[in-house]
1. State whether the residues of the stretch 223-234 include one that is assigned to a strand (DSSP E or B), in contact with a Ser or Thr (Cβ under 6 Å, 6 or more places away or on another chain) and either among the polar types (S, T, N, Q) or open to solvent by 50 Å² or more (accessible area, probe 1.4 Å) (or both).
2. Among the listed residues L102, L119, L108, identify the single one that is in contact with an Asp or Glu (Cβ under 9 Å, 6 or more places away or on another chain) and more than 24 Å from E281 (Cβ to Cβ).
3. Determine whether L534 is surrounded by fewer than 23 Cβ atoms within 10 Å (Cβ to Cβ), within 18 Å of A578 (Cβ to Cβ) and not aromatic (F, W, Y).
4. Could you check the stretch 585-613 and list, in sequence order, the residues that are under 16 Å from F249 (Cβ atoms) and either free of Cβ contacts under 8 Å to residues at least 60 places away in the same chain or among the aliphatic types (A, V, I, L, M) (or both)?
5. All but one of (1) within 30 Å of W325 (Cβ to Cβ); (2) in contact with a Leu (Cβ under 7 Å, 6 or more places away or on another chain) hold for G531; which doesn't?
6. Given the residues A129, A121, A137, which is the only one that is aliphatic (A, V, I, L, M), in contact (Cβ under 8 Å) with a residue 12 or more places away in the chain and under 20 Å from V88 (Cα atoms)?
7. Out of curiosity, is D503 charged (D, E, K, R) and modelled with pLDDT of 95 or more?
8. Just for the stretch 362-407: of the residues that are among the β-branched types (V, I, T) and under 24 Å from V600 (Cβ atoms), which one is farthest from the chain's Cα centre (by Cα)?
Amino acid sequence: MNRAFSFASVLALLALVVTAAGADAPSTPGKPEIHRPAVGEYQHLWLAFDGAEAANAFVGVRAGKSTTVWFVDGTVPGGAKKTGGYRVLIDAHDLAVADDSLKGKIILRQVSIWAPMQLLAQVTMTIDAKRSKVGFAGTWTSEIAGGKKSGGSLNGLLTDEKSIRASQSFAPGVDWPSYHGPHGANRVDSSATLIDDLSKARPLWRAEQPTLSGWGTGVDGRYSWRAAVGTVCGGSGSPVYADGRVYLFHYVPAGEPDAKTLEKVLADFEKQFKRKPLPTEREALVDFCRPYSDTIVTCIDAQTGAILWRVTFPRLSGNFQTHKWRGINPTVCVIGPVLIANDLGNNWVALDVKTGDILWTLQGKQKVAQNQAALGAVRAGALAILPAPGGGVVRAVDPKTGKIVWQQPGGSQALVWGKAGAEQVVLLGSDSPACHDAVTGKLLWKMDEKLIGTSGSAALIEDDILVGHILPDPKTRGGHFQGWKLSDAGAKKLWQDDFLPLDENLTVTLARDRAYVVGENEIRCLDLNSGKLLGKQIFDAKKSPIGSNQWLGLIGNRLLLAPEGQHGSLTLQLLDAAPSLKLVSERWSPPNNSTTAYAVHSMAFPVVDGRLFVRGMDGIYCYDLRKTK
């Protein structure tokens, strides 16, 4: 895992000898740590490299020093040929911007994370440029370890923070504050006109804060050596946006590894690759073996990608490393001035959205139960509802103090409906949905049918209509979406749609008068009140399938589809939200290191005022989808 991103730190790492745990290694959760970057202007530096293959790179610059680097589309000047499941891992950099110069090094690895898993090249780049009339002009050289040397010219453009903010302002009052968006329906109202061709999306930034891989590109015990190519997992929580800030729950491995486990993992690496690991590879292998994880909540400036604050809760949860997580992925929720986050151990923390100050915590467990987690908090009037995994206890709390107002048995996610001041909470899990009064927690009713509630968007509510699905026969890969009218007395079935096949799961997205339901290779647009089929789009099963763990968001008059959210390679596509579901764009792969979640709960891809936020394999990335003149 790349905990440090400076050239000096990597030089120190070269001499590091990782030892196994001592008997006195800390095992209990530690004191939380709040990090706020030192004062200093945050700037964007874009580099254009000439050579045998043109390349572009983004560099985040704080107080004249590089803090993050992104080679857009993975093209590395003088690097190796892209092969297999290609990714670029930035191990270190020390670029320095002075009044008259830009100098420094970037150390990176080009890898394939799958088919085959291997190190393609370790590359050291040196940059030497002078100020020009429009930015910087100079040269670059690169050297592949044990291989060729290359060089060429480069140009750089440095944008100051004031100019970034002038071009990247956000409309007030438009947020995506939780996994399902501002309406709890996978949609956001947007007046921004979006581009029709996603390949013209403009990269804006890679966040200053690095993160680890999602499950889709993750390592697990079947092939522990995969950790060495950047696939140590940090969960698959989705980014959310509120009032100009992007928030994320993620984790990093912590604690000292068991000596025998580490010995075996290192031996397996050497057997697989027929060599000793590089220092950075060894660090990742050690991280795979660590017993605990630090729960982290990070706040990012949405205009610049700069860290505003980061709160770390040492060893709060277990270090769960797998490629095949088949559970809910915890995602933070913003409720007014409070951010509430949960982790895989069902630990809950509440932070001040502006400062990161800790308001309260509810401790769960260090041990992580496989495939068992809660989606995240939801707002119900003046309270926050905290769902619970595995049929645990759902709690309603005061979001500012954490005072528990009521507790009830429930499920891994909660949906809220009803008029302001008279909200009701529907709890979803592996049992029949149950509706509770939001203020008192009193059980009002239970549904007769066993609605699927253990995946991310299997059921949602619009006004007083619940749309979800049942699976009539476990042996049949598919089910029926249904609509229910909710009231104080119960849920009255309004309609049932025709059978819809599935790959891993079925999902729904709701508009004010429509339901968009997604299954294997098909999207249907239904009338919300009657279930009448208004239109559908069938996808070619070979050329452009909708596969496992899809996601669909409604962004103004466009639908944004992630057709496959399981196996690590993200693509996105735009459709018209009209009943015809006309395809607007071809499928597009965002040009960052890609990751996904795994089975039943996709990552969300919020679009706020025309800006798209994507969680990649190594950080959050932002793209501008606004149509310009």
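The values are calculated or read from the model by the stated rules, or taken from the named source; none is laboratory data. Note that this is a predicted model, so its numbers are computed, not measured. Every residue, glycine among them, receives a Cβ derived from its backbone with ideal geometry; neighbour counts consider all protein chains shown. The accessibility values were calculated without ligands, DNA or RNA, using every heavy atom of the protein model including side chains. Shrake-Rupley method; radii C 1.70, N 1.55, O 1.52, S 1.80 Å.
1. Initial filter on the stretch 223-234 (assigned to a strand (DSSP E or B)): 233.
Restricting the remaining residues to those that are in contact with a Ser or Thr (Cβ under 6 Å, 6 or more places away or on another chain) gives 233.
Within this subset, residues satisfying the condition of being either among the polar types (S, T, N, Q) or open to solvent by 50 Å² or more (accessible area, probe 1.4 Å) (or both) are none.
Among the residues of the stretch 223-234, not one is assigned to a strand (DSSP E or B), in contact with a Ser or Thr (Cβ under 6 Å, 6 or more places away or on another chain) and either among the polar types (S, T, N, Q) or open to solvent by 50 Å² or more (accessible area, probe 1.4 Å) (or both), which makes the answer no.
2. Working: L119 fails: more than 24 Å from E281 (Cβ to Cβ); L108 fails: more than 24 Å from E281 (Cβ to Cβ).
Matching residue, one of L102, L119, L108: L102.
3. On the way: surrounded by fewer than 23 Cβ atoms within 10 Å (Cβ to Cβ): yes; within 18 Å of A578 (Cβ to Cβ): yes; not aromatic (F, W, Y): yes.
When the stated conditions are applied, L534 passes them.
4. A597, M603, A604
5. Against the list (1) within 30 Å of W325 (Cβ to Cβ); (2) in contact with a Leu (Cβ under 7 Å, 6 or more places away or on another chain), G531 comes up short only on (1).
6. Values: A129 fails: under 20 Å from V88 (Cα atoms); A137 fails: under 20 Å from V88 (Cα atoms).
On inspection, the qualifying residue turns out to be A121.
7. Working: charged (D, E, K, R): yes; modelled with pLDDT of 95 or more: no.
No.
8. We begin by selecting, within the stretch 362-407, every residue among the β-branched types (V, I, T); these are 368, 378, 385, 393-394, 397, 401, 404-405.
From what is left, the residues that are under 24 Å from V600 (Cβ atoms) are 368, 378, 385, 393-394.
Working: V368: 20, V378: 18, I385: 22, V393: 26, V394: 25 Å.
Looking at the filtered set, the residue picked out is V393.
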